[in-house]
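Please treat every number below as a calculation from the coordinates, not as lab data. As the structure is a computational prediction, the values presented were derived from the model and not from experiment. Every residue, glycine among them, receives a Cβ derived from its backbone with ideal geometry; neighbour counts consider all protein chains shown.
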Amino acid sequence: MHSNSESATCSEFDNSWCYHLSAPKAGRKLKLLESEELVFALPLIYRLIPLTSISARREWFVDLPSEEQRSQLYISLSESLSVLNKKRKHSPSVAAELNDTNKLLNLYFSDYGWRMVRKELSQIKKRKKKSHIEISNDLVIRLKEYMAINQIDTFDQAIDSLLSDQASYAADMLE
């Protein structure tokens, strides 16, 4: 596999992103994937890496000298992700596989692209934080009827819709 000479200047993979261009002077340094976030990160990564996705977000990816090198890197990354995913399901320790995958991700994504991946991952993790509340069965039935009428799929969306409608109504009343 071809190694990008710009990224070769970074010899340590201590879970910090190895910048292709100069590291930012201020702000938080980018991090590579951690084992605790794999359940959220793997579907996102699988969605972003196909060669067909690159043309839509060219600036997200390292500019490689040839399409053949990009294809080889894609194949290596796909295989590494597959090994990591299988190991994750059967073993608590995935350090070696995660390190291999992180190295390939660092070669595949540009600094900007990885920043965008981390931003999307952060949003996914925020949405996954859920709270459980107890409500009466009568309210559940009414909420399900509201969902059916308004073609809403989840309770989250239904409650958000109702709260948005209420906020809009309150704003209209103030005018």
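Take the residues in segment 129-175 that are of a type in the set (Val, Ile, Thr) and exposed (fewer than 12 other Cβ atoms within 10 Å of the Cβ), then tell me which one is farthest from the chain's Cα centre (by Cα). Break it down into steps so the answer makes sense when it comes.
Going through segment 129-175, the residues of a type in the set (Val, Ile, Thr) turn out to be 133, 135, 140-141, 149, 152, 154, 159.
Cutting the leftovers down to exposed (fewer than 12 other Cβ atoms within 10 Å of the Cβ) gives us 133, 135, 140-141, 149, 154.
On the way: Ile133: 28, Ile135: 32, Val140: 32, Ile141: 35, Ile149: 33, Thr154: 22 Å.
Among those residues, the one meeting the criterion is Ile141.
Which residues, taken from segment 66-80, are over 19 Å from the mean Cα position of the chain (by Cα) and either surrounded by 14 or more Cβ atoms within 10 Å (Cβ to Cβ) or basic (Lys, Arg) (or both)? Before the answer, list the steps.
Of segment 66-80, the ones over 19 Å from the mean Cα position of the chain (by Cα) are 66-73, 75-76.
Listed by number, the residues that qualify are Gln69, Arg70, Gln72, Leu73, Ser76.
Only residues that are touching a residue at least 60 places away in the same chain (Cβ under 8 Å) and surrounded by fewer than 16 Cβ atoms within 10 Å (Cβ to Cβ): list them for segment 81-98, please. Before you say what the answer is, go through the steps one by one.
Going residue by residue through segment 81-98, those that are touching a residue at least 60 places away in the same chain (Cβ under 8 Å) are 95, 98.
Once the filter is applied, which keeps residues that are touching a residue at least 60 places away in the same chain (Cβ under 8 Å) and surrounded by fewer than 16 Cβ atoms within 10 Å (Cβ to Cβ), segment 81-98 yields only Ala95.
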Original post:
For Arg88, are the conditions met, namely being part of a helix (DSSP H, G or I), out of contact with any strand residue (DSSP E or B) (no Cβ under 8 Å at 6 or more places or on another chain) and over 30 Å from Ser22 (Cα atoms)?
Top reply: yes
Original post:
Do any residues in segment 100-129 that are in contact (Cβ under 8 Å) with a residue 12 or more places away in the chain have Cβ atoms under 7 Å from those of residues that are polar (S, T, N, Q), where the two are at least six apart or on different chains, and which pairs are they?
Top reply: Asp100/Ser80; Thr101/Ser80; Leu104/Ser76; Leu104/Ser80; Asn106/Ser7; Leu107/Ser3; Leu107/Asn4; Leu107/Ser7
Original post:
Would you pick out the residues in segment 14-30 that are in contact with a helix residue (DSSP H, G or I) (Cβ under 7 Å, 6 or more places away or on another chain) and closer than 14 Å to Ser122 by Cβ?
Top reply: Leu30
